[in-house]
1. If you take the residues of the range 452-477 that are part of a helix (DSSP H, G or I) and in contact (Cβ under 8 Å) with a residue 40 or more places away in the chain, which of them is surrounded by the fewest Cβ atoms within 10 Å (Cβ to Cβ)?
2. Can you tell me which residues in the range 511-537 are of a type outside the set (S, T, N, Q), at pLDDT below 95 and either touching a Ser or Thr at 6+ places or on another chain (Cβ under 9 Å) or not in a helix (DSSP H, G or I) (or both)?
3. For the list (1) at pLDDT 95 or above; (2) in a loop (DSSP other than H, G, I, E, B), I need the number of the one condition that SER221 fails.
4. Given the structure, is GLY130 over 25 Å from the mean Cα position of the chain (by Cα) and part of a loop (DSSP other than H, G, I, E, B)?
5. Just a yes or no: is a residue in the range 395-416 more than 31 Å from the chain's Cα centre (by Cα) and of a type in the set (Asp, Glu)?
6. What are the pairs with Cβ atoms under 7 angstrom where one residue, in the range 139-150, is in the same structural domain as ALA166 (by TED's automatic domain parsing) and under 15 Å from ALA166 (Cβ atoms) and the other, located anywhere, is surrounded by 13 or more Cβ atoms within 10 Å (Cβ to Cβ) and among the aromatic types (Phe, Trp, Tyr)? Sequence gap at least six, or different chains.
7. If I go through the range 299-329 residue by residue, how many of them are touching a Ser or Thr at 6+ places or on another chain (Cβ under 9 Å), assigned to a strand (DSSP E or B) and not β-branched (Val, Ile, Thr)?
8. Please work out if ALA342 is farther than 24 Å from GLU525 by Cα and either modelled with pLDDT under 95 or not assigned by TED's automatic domain parsing to the domain that holds TYR262 (or both).
Amino acid sequence: MKSKRMILGGVLAIVIVGSLIFWGPALRAENKADMAVQLQKLNQVIRAVRDQYVDEPDVAELLDGAIRGLLEELDPHSVYIPAEQQKRISETFRGEFEGIGIHYTIQNKWLTVVSPIPGTPSDRLGLRAGDRFTHIEGISAYGISSEEVQEKLRGPKGSTVNVTIARPGLEVPLEFEIVRDKIPIYSVAAAFMMPDQETGYVRITQFTRLTTDEVEQAIDSLKSVGMQRMILDLRSNPGGYLDQAWRVADLFLPEKDQMIVYTKGRTPRSNTEYYSTGQGAKDDFPLVVLINHGSASASEIVAGAIQDHDRGLVVGQVSFGKGLVQTPLELIDGSVVRITTARYYTPSGRMIQRPYDEGIAEYIMEGHDEIDPNAEIPADTTEREVFHTDGGRVVFGGGGITPDSTVLPERNNSQTALLFSNRMYFEYATEYAAKHPDLATDFPEFAAEFRVTDGMLSEFKDLLEKREFKIDSAMWIEDLDFTKSTIRGELAGILFNDRNLYYLVRTQEDAQVKAAMSLFPQAEEIASLPSSPKPTE
């Protein structure tokens with residue numbers, strides 16, 4: 001107890017002295033006096049907690065909480081990240097880790113493969129969507145948690161892990177010794193040709209260290225099979241690295257030295273400008289960009305640059321409006337504070353960040369239909385300042401990117417959202433695929449002819465009843481088209497062991513994608529607009 005008191009007292013002294021040293025040069029005399037009073041208050045509170053709180057406080061948690069509270073008073077994106085969480089974040093944005101290479105879910109307490117990651121050990125050994133891990137190193141995997149999955153399956157390149165797999169349709173379990181390797185974390189979730197064989201579709205889910213390389217490879221691959229125009233899907237992409245947003249936007253801008261994004265902050269070193277290199281001249285196909293309320297930060301930089309330069313048509317919903325730039329500061333224990341140091345602006349001068357003066361909780365939840373697909377989206381009452389594109393088109397500031405064409409997604413009811421979040425469509429499709437392996441022969445034939453029958457829907461209902469889901473008939477009928485489309489998509493991904501095919505089937509019933517397909521004439525029209533001088537005040 002005495003040692004903890006000494007530690008807490010010592011830390012407090014460092015905080016007080018350090019704060020005065022750090023802030024002193026920037027503060028006037030009266031502000032220094034105010035800060036001294038505030039630090040004395042902090043001293044009183046910490047001493048009271050230390051001496052009087054009903055339980056002995058945890059010093060580390062206490063001070064972590066103080067850091068969080070300090071940052072929460074700044075803005076929604078200045079945050080404290082504990083060391084373990086920062087390690088996982090760094091791994092994700094680095095674009096690789098070491099392990100066996102599967103996308104997975106915990107289904108009915110079993111670790112289940114959603115899809116093997118192409119080119120990884122699991123893919124090379126033939127693991128398939130729907131495979132269930134029954135044992136890892138001889139120990140039952142029933143009831144395994146996501147944290148335990150990472151502990152048991154990740155490990156140094158070259159090390160091995162022995163697993164037992166139950167595969168739907170096979171009575172005898174499969175035994176595999178998997179040699180771990182470097183596993184890429186792909187930020188391009190899907191890249192394929194639409195059924196018209198002219199339109200390429202590329203979906204980016206985040207901006208990591210390797211995103212530009214992935215996008216460039218996807219474009220080259222699609223062009224090689226006849227792509228004449230492209231949908232770039234940035235929906236629900238929360239962002240990532242600024243330099244990757246700049247480079248991805250650069251892939252589409254035909255002229256050199258076009259502004260892509262700039263930042264402005266309180267200090268000169270926070271002010272930066274990013275320009276195009278001209279390499280986008282080789283990819284001058286018509287372009288439609290899809291965004292929604294979940295498109296944030298780096299996604300908004302790309303969409304804003306394409307819109308301001310009339311390079312393509314932006315379709316969907318107003319984006320999130322995350323336009324604050326964070327600079328990370330690594331602390332001595334590996335934890336990180338990310339402090340906002342600047343704001344993002346599009347080429348026309350629009351500030352991407354939307355207001356957050358009604359509180360952080362309201363800010364984070366507003367417009368996030370991805371958090372609750374059935375929540376009512378509040379009307380956008382943000383004041384919108386008028387700006388102009390290179391070709392003189394009107395675009396709007398005020399936070400977020402306002403699309404050129406607003407297209408709302410089809411909204412599902414709460415019952416459907418519950419089934420989707422519990423991966424019940426995937427579970428049913430896994431069982432159905434195991435009973436009908438003959439379907440996995442020809443994907444074009446499957447896509448053109450296979451339909452979900454009334455008998456299949458009855459089987460699906462039986463499975464839901466077995467899993468103790470209570471089905472409301474009116475809600476079931478209301479979202480029947482979504483149910484059929486999702487089962488078809490899951491079946492395509494499982495039968496042909498290719499997640500691209502899941503997205504290909506699902507996009508056929510996606511209202512925003514269908515709208516994008518019809519808007520290419522407008523995309524071509526604005527791309528041909530001559531540049532005009534910006535209006536002056």
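1. Filtering the range 452-477 down to residues part of a helix (DSSP H, G or I) leaves 454-466, 473-477.
Pick out the ones that are also in contact (Cβ under 8 Å) with a residue 40 or more places away in the chain and you get 464, 475-476.
Numbers: LEU464: 19, MET475: 16, TRP476: 18.
Filtering the range 452-477 for residues that are part of a helix (DSSP H, G or I) and in contact (Cβ under 8 Å) with a residue 40 or more places away in the chain, the one surrounded by the fewest Cβ atoms within 10 Å (Cβ to Cβ) comes out as MET475.
2. ILE526, LEU529, PRO530, PRO533, LYS534, PRO535, GLU537
3. Looking at each condition in turn, SER221 falls short on (2).
4. Against the criterion (over 25 Å from the mean Cα position of the chain (by Cα) and part of a loop (DSSP other than H, G, I, E, B)), GLY130 does not qualify.
5. Checked the range 395-416: no residue is more than 31 Å from the chain's Cα centre (by Cα) and of a type in the set (Asp, Glu).
6. That search, which allows pairs on different chains as well, returns ALA141/TRP110; ALA141/PHE133; TYR142/TRP110.
7. 4
8. On the way: farther than 24 Å from GLU525 by Cα: yes; either modelled with pLDDT under 95 or not assigned by TED's automatic domain parsing to the domain that holds TYR262 (or both): yes.
It is true that ALA342 is farther than 24 Å from GLU525 by Cα and either modelled with pLDDT under 95 or not assigned by TED's automatic domain parsing to the domain that holds TYR262 (or both).
The values are calculated or read from the model by the stated rules, or taken from the named source; none is laboratory data. None of these values were measured; they are calculated from a predicted model. Heads up, the Cβs are rebuilt from the backbone with ideal geometry, glycines too, and the neighbour counts pull from every protein chain shown.
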